[in-house]
Amino acid sequence: DAGVTQSPTHLIKTRGQQVTLRCSPKSGHDTVSWYQQALGQGPQFIFQYYEEEERQRGNFPDRFSGHQFPNYSSELNVNALLLGDSALYLCACRLSGFEQYFGAGTRFTVT
Amino acid sequence: QQPVQSPQAVILREGEDAVINCSSSKALYSVHWYRQKHGEAPVFLMILLKGGEQKGHEKISASFNEKKQQSSLYLTASQLSYSGTYFCGTETLGTGANSKLTFGKGITLSVRP
């Protein structure tokens, strides 16, 4: 059973550009959440997807959007990149009511 | 609201014990504990649910005081591999069983030979 897979592992973009990060959850894990983790901080919740719909959202601007596919995989899109968007982006999956598992993350730098 | 973790940092000798804490101002449905090593993803350690149910690794123990909205993680006979940053993530009561986790700032734990 594969774990949570994220791609790419590292990425560098220029301010103002757009980026798409991808996540494949553990088999059967239907709920996918995205987190942003700045250096020295805990993960900050961006949004959660279940049944291909955004179910919950944290305090992030509309520049951050996402999508979930029928096979439960998910994408995180960020538009109009700012320097402050540089961080580790984590995808996490879970079955309802159970523990949540994180992927290795995408280390993302905006220059 | 972000849970508060304490102490901020812990330094241990191999074989010593430690207790790290997580406190919330809101009524909680569950508390999740993770360990993260530098440059790696957080690794699941333990989930504690309101009502007493818990699930986690065999060598890790934890408690959840529902009256005080506090959880403690007990690390006994520490090993070098226990070093890392420990995060608690909380689910607030009333938001559903599959809600977002709100994480604390983390506790840095270092185990020395």
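The combined condition, being polar (S, T, N, Q), under 10 Å from the mean Cα position of the chain (by Cα), modelled with pLDDT of 95 or more and surrounded by fewer than 19 Cβ atoms within 10 Å (Cβ to Cβ), is fulfilled by residue A:65. Selection of strands (runs of 3 or more DSSP E) fully inside region B:1-90 by the criterion of at least 1 residues being of a type in the set (Val, Ile, Thr) and either modelled with pLDDT under 95 or in contact with a His (Cβ under 7 Å, 6 or more places away or on another chain) (or both) returns B:28-36, B:43-49. Identify all residues within region A:28-49 that are aromatic (Phe, Trp, Tyr) and without any contact (Cβ under 8 Å) to a residue 40 or more places away in the chain; write none if there are none. Of everything in region A:28-49, those that are aromatic (Phe, Trp, Tyr) and without any contact (Cβ under 8 Å) to a residue 40 or more places away in the chain turn out to be A:45, A:47, A:49. Taking the criterion of being more than 12 Å from the chain's Cα centre (by Cα) and part of a strand (DSSP E or B), would at least one residue in region B:92-100 satisfy it? Yes, region B:92-100 contains at least one residue that is more than 12 Å from the chain's Cα centre (by Cα) and part of a strand (DSSP E or B).
Restricting attention to region B:50-74 and to residues that are on the phi > 0 side of the Ramachandran plot and surrounded by fewer than 16 Cβ atoms within 10 Å (Cβ to Cβ), the residue that is nearest to the other protein chains (Cβ to nearest Cβ) turns out to be B:51.
Of all residues in region A:29-46, none satisfies being open to solvent by 40 Å² or more (accessible area, probe 1.4 Å) and more than 15 Å from residue A:89 (Cα to Cα).
The values are calculated or read from the model by the stated rules, or taken from the named source; none is laboratory data. Here the structure is a predicted model, which is why all the values come from computation and not from measurement. Note that we place each Cβ from the backbone using ideal geometry, even for glycine, and neighbour counts take in every protein chain shown. Keep in mind that these areas ignore ligands, DNA and RNA; they rest on the heavy atoms of the full protein, side chains included. Shrake-Rupley method; radii C 1.70, N 1.55, O 1.52, S 1.80 Å.
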